[in-house]
């Protein structure tokens with residue numbers, strides 16, 4: 001994967017849709033702007049004590065979808081980044097450091113809402129609209 005992926009993924013401002021499913025197959029989708037790609041295989045984010053976090057504990061697979069409007073209706077850009085949760089922290093130094101980073105960017109109230117710091121492994125990258133062009137031509 002090219003470094004262009006990290007640049008695109010971490011570009012701000014941007015929001016995306018994180019989709020998860022419970023062990024019974026109940027689907028959840030939530031809007032997030034906080035996921036950050038640390039390297040080409042690692043994404044981290046903070047989560048509240050919510051359905052997304054609950055479902056990830058039951059089923060560690062998720063997809064983060066980023067969508068950008070192009071100049072025309074036919075010119076939409078974006079990616080589907082498939083993720084697998086590797087670990088999470090609900091206490092300790094990892095969570096404390098993450099909350100400090102969030103506080104600097106979004107304020108103390110936002111940092112206080114963080115219940116867990118979650119680390120994902122990137123398992124696959126696909127274009128938003130897959131016409132066989134590869135993800136590199138979709139950003």
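The values are calculated or read from the model by the stated rules, or taken from the named source; none is laboratory data. Predicted model, so just to flag it, every value in this text is computed and none were measured. All Cβ positions, even for glycine, are placed from backbone atoms using ideal geometry, and neighbour counts span all protein chains on display.
Quick notes
- Segment 33-124 holds helices (runs of 4 or more DSSP H) entirely within its bounds, and those carrying 3 or more residues that are over 16 Å from residue 11 (Cβ atoms) and under 13 Å from the mean Cα position of the chain (by Cα) map to 51-58.
- Of all residues in segment 81-100 being within 22 Å of residue 123 (Cβ to Cβ) and in contact with a helix residue (DSSP H, G or I) (Cβ under 8 Å, 6 or more places away or on another chain), the one that is surrounded by the fewest Cβ atoms within 10 Å (Cβ to Cβ): 89
- Residue count, segment 30-52 (criterion: surrounded by 13 or more Cβ atoms within 10 Å (Cβ to Cβ) and more than 20 Å from residue 100 (Cβ to Cβ)): 5
- Index of the failed condition, residue 64 passing every other in (1) touching a residue at least 24 places away in the same chain (Cβ under 8 Å); (2) over 18 Å from residue 43 (Cα atoms): (2)
- For residue 55: the one exception among (1) closer than 30 Å to residue 131 by Cα; (2) surrounded by 15 or more Cβ atoms within 10 Å (Cβ to Cβ): (1)
- When segment 9-24 is limited to residues that are part of a loop (DSSP other than H, G, I, E, B) and surrounded by 12 or more Cβ atoms within 10 Å (Cβ to Cβ), the one that is modelled with the highest pLDDT turns out to be 22.
- Selected residue [over 12 Å from residue 118 (Cβ atoms), in contact with a strand residue (DSSP E or B) (Cβ under 9 Å, 6 or more places away or on another chain) and free of Cβ contacts under 8 Å to residues at least 40 places away in the same chain] from 85, 6: 6
- Hey, residue 78 surrounded by 15 or more Cβ atoms within 10 Å (Cβ to Cβ), at pLDDT 90 or above and under 18 Å from residue 30 (Cβ atoms) or not: yes
- So residue 108, is it closer than 19 Å to residue 46 by Cα and at pLDDT 95 or above: no
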